[in-house]
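The values are calculated or read from the model by the stated rules, or taken from the named source; none is laboratory data. Note that the structure is a prediction, hence the values are computed from the model and not measured. Using ideal geometry, Cβ is built from the backbone for each residue, glycine included, and neighbour counts are taken over all protein chains shown.
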Amino acid sequence: MDSHTKWKAATLLTWLLTTEISHCLPHVGNEVEATLRNTATEPARAFRTQYPPVNSESRLIIPESHPVYRVALEQDGHSSEQPFPDFDIDDFIDGLGDFLDEEDDNEEDDTNTDTTTEPPPTATGQSTSADTGKPDPVQATTSAKQPEDLTPIPTAGSVTSSPQAKPSTTEAQEPVDTNISPGVGTHDPTTMNGQDIFQPVATGPVPANIQSRHDHPLQNQHADTTDPITTNKFYAGLFLGSQTNATFSQPYSLAWSKGGGTLKSWGMTVTHTQPHLLAYGPKNNKIPGNPVQYYINPVGLQHLVFSAAELDQSSIMTVEQLKAFSANAVIKRSGGSAQQITFPIVQGMGYTTAVYNDLQPLIESGIFFRKVVSAGSPRPGIFKYQVELEDDTTWLLYATPADGKDPNFKLDSKTNIRGPKGFSGTIQAAKNPAGKSGEKFYDNSCGVYPVSGEVSGSVTGDVGNYMLSWTKAGKDVKGTPLIMFALPHHVQSFDSATKGRITDIRLRTTTKGNATAVIGESWTMVEENLPIDMGFAPWSTTQGSIHDLSATAQHAIIQAAPTELKQNISGQTALNSMYYSGKALSKFATLVYTVNQLGNNVDIAADAFRQLKKAFNLFVQNKQENPLAYDTVWKGVVSTAGYNGDLNQDFGNTAYNDHHFHYGYFIQAAAIIGALDPSWLTANKEWVNMLVRDAGNSVANDAHFPFSRSFDWYNGHSWAKGLFESFDGKDQESTSEDTMFAYSIKMWGQTTGDASMEARGNMMLGILGRSLNNYFLMEDDNVNQPSNFIANKVTGILFENKVDHTTYFGANLEYVQGIHMLPLMPHSPFTRRKEFVRQEWQAMFAENAATPASKVKDGWKGVLYANLALIDPKASWEFFTQPNFDYSWIDGGASRTWYMAFAAGLGGA
Ligand SMILES: *[C@@H]1O[C@H](CO)[C@@H](O)[C@H](O)[C@H]1NC(C)=O
Ligand SMILES: *[C@@H]1O[C@H](CO)[C@@H](O)[C@H](O)[C@H]1NC(C)=O
Ligand SMILES: *[C@@H]1O[C@H](CO)[C@@H](O)[C@H](O)[C@H]1NC(C)=O
């Protein structure tokens, strides 16, 4: 892996939307005629400009004509290598017979010797713990509904008096009861029925043979904390590199302007992109429906900027309180200055909130203010301004001065609103697409804001509940409910109490459809039909776990296995890559399991099992070519491959890319080994638990690892990108390897008797099933992705800011679709729903499609035919059991033997 082929960027262009065009600065000066009124009784005059504003023309570009930058994917730590190790098949094939021709059905003893499954927990009904003993949800329902008889905010450009001449708290709706939410800001397992899913995995230090290193190639410059840092979260752009890339809190995106852009501001930009501004890639004529290859949200649009007159090139930004759902960005006038603006950035926050300390507020807009109206006080001590921008959008500003005095904001120019000198207090901004009704909800919650979030959850029977809750701060904090934006997959699974607090405010997110504003400090989501009975054996949605394969299938497994069992296990697993090594260990563990438990033959796998344990032990001893180290800078366990400075090594593992992918394979292999040989656990459990804690820790107070590095409990899936600065935020390519991680901890929890971990894995599978269906694996009726993109069937790589139907290693259809299939495992039928698989197969891989599976080469052919088992197990079975099978069709992370069992279990034989 010495060279990384440059990714063929020429096929994939995206557009630099941040080009500075200084001469396009809006002309200000004597044209400025508007002033803000500080009383709502006098009409405020509107400030007009044309739209689109000149400074945004470079962003409203036609994609094909203005390619400005190429996506430099090689910087992302992703090599262009295939997602499985490449082994020379000839090394282990000699005299492969047409074993299937000798059809002597020897009836085997089919006693189920599977010791690895446990009886399904007793179902105790579907009562959701969070509902019990809480205020009547119906009450919340009514209070969150809005009257319809509201006059719209005056339309563009009209000069009018404030539509709320005498705003008052009584006119605004009754505040919604803020005590609806149980356990706000706390994680109290006693409020939960069933199994708490967030018990600690382990609390001790990492095993002594994992060297601690302080010399990580990327030193931490801007994150002000000694706690473990959540490397793969949505706000990494605040502390990485230039600190200028966007933080995708959804639906808003925030970015430090740092003297750049047309405004040359030093404040914090807030962006919310409308669908008509999306840039689309070229159409792919190979796919029915000719979907566009990608879509991208423009970056660099400055709808509002929270700044201060004093900020300049001596200003700095640090990041504090870095947590799973939130971080504080602090822009200081200069290093060490107490004059600063703190932005508590929380996923789903209803307003962008800026907490000023002793600065003169400057609210800027690169889209231009068309009209700003001082709209009185919706609540005592809070001063509201209605803002119209030249893109026809309506925003609300709420100022809550610490001294309670009217801050008397002035509109200086079409780009500037100015506040008083020495201002301390909060200023909040929200975009309001919902007219008077939306404004009332915002009025009702203004003054308070979330400062951090928390997830808790439990599983009872096959029903899982998880709750997102927030700690809040601000004025009249006890009596004022939060307003928070939920993603489509949240809303779908809300319990009835949470559903009752949904508002009619909807704002689109960058890559996940519409967000919906919800009142209150917590949401409870319910996932039913968790795959709690899924084990190591093939599993289907209708039949559950399938241990007892037909005699034909068992016979075929036992006939095929020896060829694969005699591979050089240490040779294939002792690699310089955690990814490839993990895949090979998983392959052999699954093979041994298949022979031992599904083929019911312990003997022929015995030697391979011994070798497998030896091969695994190399890693536990940390004697592999690139050993692991405990990185004390960011706090996690990384491959040392990248310590030579090339962070691309091993898919960026050293910079925290892909840990859930890499470690998921080790964890699944360990779960099998430990299930087949419980005595093995004593010496190995601590090491495997270390991998779990690194990639998916269950608690936020572990001094050694951050909470849930990869899985994002708000977005409902993992982010693979680690410490790489990026225009487009975090991303994830392989949804199936994300699922593999959830599955691996479920099974490791089961093997080690960690019921909390097992339940957490089940819960994560349930959430993934829903989120992948909503955002990544697109059926024809998908509503969350743009309609001209859906025919791609899979996202390819989903970033926070764009979605690109490709892979990091090439754009062949079997790669782009196949990376969402592998590894084909018991969890595959759970997340890859039949209807989706059928539509994808018809469009892409059927005989008459552009890329018939029968013509695909190499290991990808095996991947496609194993996937076919999800909808046509007989065809899949026939493929894998055909005489003169060509072993080059099996990728280095899979075995033909397991694929046979998989197809047979799903009904192929
Ligand atoms: C297995 O592979 C390793 C590493 O390539 C090699 O050193 C060893 O000799 C091989 N073992 C056998 C039995 O071929
Ligand atoms: C964003 O990140 C890229 C690296 O991906 C970097 O080149 C750029 O300067 C950063 N900032 C902005 C505003 O684009
Ligand atoms: C998203 O919101 C927009 C604007 O309210 C609406 O036009 C669109 O239909 C919504 N999409 C979905 C899928 O609900």
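Some observations on this one:
- Of all the listed residues (Tyr442, Tyr449), the sole one being closer than 30 Å to Ala308 by Cα, modelled with pLDDT of 95 or more and touching a Leu at 6+ places or on another chain (Cβ under 6 Å) is Tyr442.
- Residue under evaluation Lys587, criteria (1) assigned to a helix (DSSP H, G or I); (2) in contact (Cβ under 8 Å) with a residue 24 or more places away in the chain; (3) surrounded by fewer than 21 Cβ atoms within 10 Å (Cβ to Cβ), criterion not met: (3)
- Checking each residue in the range 788-834 for being under 17 Å from Leu768 (Cβ atoms), among the basic types (Lys, Arg) and touching a helix residue (DSSP H, G or I) at 6+ places or on another chain (Cβ under 8 Å) picks out Arg832, Arg833.
- Members of the range 326-358 that are surrounded by fewer than 24 Cβ atoms within 10 Å (Cβ to Cβ), out of contact with any strand residue (DSSP E or B) (no Cβ under 6 Å at 6 or more places or on another chain) and either closer than 29 Å to His490 by Cα or not charged (D, E, K, R) (or both): Ser334, Gly336, Ser337, Ala338
- Residues in the range 382-394 that are surrounded by 23 or more Cβ atoms within 10 Å (Cβ to Cβ) and either more than 11 Å from Lys371 (Cβ to Cβ) or more than 36 Å from the chain's Cα centre (by Cα) (or both): Ile382, Phe383, Lys384.
- Selection count, the range 236-268, where residues are of a type outside the set (Phe, Trp, Tyr), more than 10 Å from ligand 2 (Cβ to nearest atom) and either free of Cβ contacts under 8 Å to residues at least 40 places away in the same chain or within 18 Å of Ala308 (Cα to Cα) (or both): 8
- Selection within the range 761-788 - surrounded by 24 or more Cβ atoms within 10 Å (Cβ to Cβ) and part of a loop (DSSP other than H, G, I, E, B): Met778
- One residue alone among Ala329, Ala402 is under 22 Å from Ser314 (Cβ atoms), away from ligand 3 (no atom under 16 Å from the Cβ) and of a type in the set (A, V, I, L, M), and that residue is Ala329.
- Candidates in the range 292-321 are the residues that are touching a Pro at 6+ places or on another chain (Cβ under 9 Å) and part of a loop (DSSP other than H, G, I, E, B); of these, the one that is surrounded by the most Cβ atoms within 10 Å (Cβ to Cβ) is Gln293.
- Taking first residues from the range 858-873 that are under 17 Å from Thr541 (Cα atoms) and partners that are among the β-branched types (Val, Ile, Thr), the Cβ contacts under 7 Å between residues at least 6 apart in sequence or on separate chains come to Asn867/Val837; Leu870/Val837; Ile871/Val837.
- Counting residues in the range 658-678 that are surrounded by fewer than 24 Cβ atoms within 10 Å (Cβ to Cβ) and among the polar types (S, T, N, Q) gives zero.
- Inter-residue pairs, beta-carbon under 8 Å, first under 14 Å from Ser522 (Cβ atoms) and in the range 451-465, second of a type in the set (D, E, K, R) and outside any strand (DSSP E or B), 6+ apart: Ser452/Lys323; Gly453/Lys323; Ser456/Asp188; Gly457/Arg760; Asn465/Asp495
- The set of residues from the range 322-345 being under 16 Å from Phe239 (Cβ atoms), assigned to a strand (DSSP E or B) and of a type in the set (A, V, I, L, M, F, W, C) comprises Ala327, Ala329, Val330, Ile331, Phe343, Ile345.
- Some residue of the range 716-730 being more than 16 Å from ligand 2 (Cβ to nearest atom), in contact (Cβ under 8 Å) with a residue 12 or more places away in the chain, hydrophobic (A, V, I, L, M, F, W, C) and surrounded by fewer than 24 Cβ atoms within 10 Å (Cβ to Cβ): no
- The residues of the range 825-835 that are crowded, with 22+ Cβ neighbours inside 10 Å and either at pLDDT below 95 or not in a loop (DSSP other than H, G, I, E, B) (or both), listed by number, are Ser828, Pro829, Phe830, Thr831.
- Selection of the range 365-417 for residues being in a strand (DSSP E or B), within 18 Å of Gly267 (Cα to Cα) and touching a Pro at 6+ places or on another chain (Cβ under 7 Å) yields only Ala399.
- The residue that is farthest from Gln339 (Cα to Cα), counting only those in the range 403-428 that are surrounded by fewer than 16 Cβ atoms within 10 Å (Cβ to Cβ) and basic (Lys, Arg), is Lys405.
- Only residues that are within 16 Å of ligand 3 (Cβ to nearest atom) and within 12 Å of Ile345 (Cβ to Cβ) were counted across the range 238-261, and they come to 2.
- The conditions of being touching a Leu at 6+ places or on another chain (Cβ under 6 Å), within 16 Å of ligand 3 (Cβ to nearest atom) and among the basic types (Lys, Arg) are not met by Lys472.
- Selected residue (criterion: nearest to ligand 3 (Cβ to nearest atom)) from residues of the range 562-584 that are under 27 Å from Gly642 (Cβ atoms) and not in a helix (DSSP H, G or I): Ser577
- Looking only at the range 247-276, and only at residues there that are farther than 16 Å from Gln428 by Cβ and of a type in the set (A, V, I, L, M, F, W, C), the one that is farthest from ligand 1 (Cβ to nearest atom): Leu263
- Filter pass, Val292 being within 16 Å of ligand 2 (Cβ to nearest atom), of a type outside the set (Gly, Ala, Ser) and either in contact (Cβ under 8 Å) with a residue 40 or more places away in the chain or in contact with a helix residue (DSSP H, G or I) (Cβ under 8 Å, 6 or more places away or on another chain) (or both): no
Residues checked against (1) more than 16 Å from ligand 3 (Cβ to nearest atom); (2) of a type in the set (Lys, Arg); (3) farther than 20 Å from Asp804 by Cα:
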{"residue": "Thr225", "(1), (2), (3)": "yes, no, yes"}
{"residue": "Ala236", "(1), (2), (3)": "yes, no, yes"}
{"residue": "Leu263", "(1), (2), (3)": "yes, no, yes"}
{"residue": "Thr273", "(1), (2), (3)": "no, no, no"}
{"residue": "Tyr280", "(1), (2), (3)": "yes, no, no"}
{"residue": "Tyr295", "(1), (2), (3)": "no, no, no"}
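- Within the range 581-594, not a single residue is on the phi > 0 side of the Ramachandran plot and either under 29 Å from the mean Cα position of the chain (by Cα) or at pLDDT 95 or above (or both).
- Residue within the range 506-517 that is of a type in the set (Lys, Arg), within 12 Å of ligand 3 (Cβ to nearest atom), in a loop (DSSP other than H, G, I, E, B) and closer than 24 Å to Gly729 by Cβ present: yes
- Those residues of the range 543-561 which are part of a loop (DSSP other than H, G, I, E, B) and more than 10 Å from Leu906 (Cα to Cα), in sequence order: His547, Asp548, Ser550
- Restricting the range 564-579 to residues that are hydrophobic (A, V, I, L, M, F, W, C) and near ligand 1 (Cβ under 9 Å from one of its atoms) leaves a set whose member that is farthest from the chain's Cα centre (by Cα) is Ile569.
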